[in-house]
Amino acid sequence: MHPTALEDLDHYLKHLCQERRLAAHTHAAYARDLQQLVAFCDRQGHTDWAALGAHDLRAYAAACHRQGLSGRSIQRRLSAARGLFNYLLREGRTGHNPAHDVRAPKTERKLPAVLDVDQMARLLDLPTPDVLAVRDLACMELLYSSGLRLTELTDLDRSDLDLAGGLVTVTGKGRKTRVLPVGRRAREALTRWLGVRNEFVPPGRDAAALFVGRRGRRLSGRAVQQRLDLWARRQGLDGRVHPHRLRHSFASHLLESNGDLRAVQELLGHADISTTQVYTHLDFQHLADVYDRAHPRAKRRPK
């Protein structure tokens, strides 16, 4: 593409970082997806964003499909393109958004994997003989109690936690802040962790991070994933258990008990309720399984 077009792209990526204040990994994902669009334009001989039409974006989506990308991945790439063209339209660099009505091929939506209530109880009933285990339990209790994303957990500072009020303030996608309740068990685990946290913080360092590693530095997302997987195996749980599975379990269990979809949307920090609706399908699947096992006319025959 022409250097001017690449400069426009660079300005847009800076806009995402400086004005939209996207998280680093989200910004990197946008950059990767838009570089794929640039590569497609180069192969097709396009040099200017304004010259692209809807048929070009459909050809781009078709090329992604031929590469084996899922409908969800193609939709993400098209979403990145729509954002770019909306920016160019606002800046007067183009007169239309060719990606506006282009849609990715539909793919079957996978239901999120969750732990049932008994499995969650088994996971959280872990021994805490040392400081690491105390910290890990506090992490897991908070993930499940408040439905946090992994980055929301690791970004927490001690000042974000109000144990007396039973609240935690988190910053989610798009730098949006929400205040969430913290359950009794999570408050107990966090109180215990804060009582021993200084064993990990070297003298003279007043680390702001709520969760820290052995050297007093902010706990990484990778470390949380590894410790959770370790505890899941030790507690005898089948399948891969990751932080987002605890978030899925939080949402599913709330809907099973209450059914207030809007409330769950607010707690999860979803911008669109359609994202939250997947848990209603999950709840229905659970009910259907119970029906199949219990109803005299629907019981599955033993093989």
Quick check: is even one residue across region 25-42 more than 30 Å from Asp155 (Cα to Cα), assigned to a loop (DSSP other than H, G, I, E, B) and modelled with pLDDT of 90 or more? no
Extreme residue, farthest from Trp193 (Cα to Cα), among residues of region 154-181 that are modelled with pLDDT of 90 or more and among the polar types (S, T, N, Q): Thr169
Screening Asp56, Asp48, Asp42 for residues that are touching a Ser or Thr at 6+ places or on another chain (Cβ under 9 Å) and surrounded by fewer than 19 Cβ atoms within 10 Å (Cβ to Cβ) leaves only Asp48
Only one of Gly221, Gly213, Gly183 is under 27 Å from Ala28 (Cα atoms), surrounded by 13 or more Cβ atoms within 10 Å (Cβ to Cβ) and in contact (Cβ under 8 Å) with a residue 24 or more places away in the chain; which? Gly221
Yes or no: Arg240 in a loop (DSSP other than H, G, I, E, B) and either over 25 Å from the mean Cα position of the chain (by Cα) or over 16 Å from Tyr144 (Cβ atoms) (or both)? yes
How many residues does region 18-28 hold that are closer than 13 Å to Gly83 by Cβ and free of Cβ contacts under 8 Å to residues at least 40 places away in the same chain? 2
Just to be sure, is Asp229 surrounded by fewer than 15 Cβ atoms within 10 Å (Cβ to Cβ) and either farther than 17 Å from Val134 by Cβ or touching a helix residue (DSSP H, G or I) at 6+ places or on another chain (Cβ under 6 Å) (or both)? no
Restricting the search to region 84-95, which residues are within 15 Å of Ala54 (Cα to Cα) and touching a residue at least 12 places away in the same chain (Cβ under 8 Å)? Leu84, Phe85, Thr94, Gly95
Just to be sure I understand, how many residues within region 199-210 are outside any strand (DSSP E or B) and surrounded by 15 or more Cβ atoms within 10 Å (Cβ to Cβ)? 4
Taking the conditions exactly as written (of a type outside the set (Gly, Ala, Ser) and within 17 Å of Leu124 (Cβ to Cβ)), does Arg158 satisfy them or not? no
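Just name the residue that is nearest to the chain's Cα centre (by Cα) out of those in region 43-53 that are in a helix (DSSP H, G or I) and without any contact (Cβ under 8 Å) to a residue 12 or more places away in the chain. If you could, list the steps in order and put the result at the bottom.
Initial filter on region 43-53 (in a helix (DSSP H, G or I)): 43-44, 49-51.
Checking which are without any contact (Cβ under 8 Å) to a residue 12 or more places away in the chain leaves us with 43, 51.
Numbers: Arg43: 33, Ala51: 35 Å.
Top of the filtered list is Arg43.
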Within region 1-24, residues closer than 24 Å to Thr177 by Cα, among the small types (Gly, Ala, Ser) and part of a helix (DSSP H, G or I) come out as Ala24
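Can you find even one residue in region 219-235 that is modelled with pLDDT under 85 and either touching a Lys or Arg at 6+ places or on another chain (Cβ under 7 Å) or among the aromatic types (Phe, Trp, Tyr) (or both)?
No, region 219-235 has no match at all.
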Taking the options Leu57, Leu6, name whichever one is in contact with a Leu (Cβ under 9 Å, 6 or more places away or on another chain), farther than 29 Å from Arg222 by Cβ and either modelled with pLDDT of 90 or more or in the same structural domain as Lys173 (by TED's automatic domain parsing) (or both). Leu57
Looking only at region 43-98, and only at residues there that are among the hydroxyl-bearing types (Ser, Thr, Tyr) and touching a helix residue (DSSP H, G or I) at 6+ places or on another chain (Cβ under 6 Å), the one that is nearest to Arg32 (Cα to Cα): Tyr60
Let me confirm something: among Leu150, Leu161, Leu123, Leu142, which residue is within 28 Å of Leu230 (Cα to Cα), surrounded by 13 or more Cβ atoms within 10 Å (Cβ to Cβ) and in contact with a strand residue (DSSP E or B) (Cβ under 6 Å, 6 or more places away or on another chain)? Leu161
For region 182-214, name all the residues that are aromatic (Phe, Trp, Tyr) and at pLDDT 95 or above. Trp193, Phe211
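The values are calculated or read from the model by the stated rules, or taken from the named source; none is laboratory data. This is a predicted model, so every value here is computed, not measured. Cβ atoms come from the backbone with ideal geometry, glycine included; neighbour counts cover every protein chain shown.
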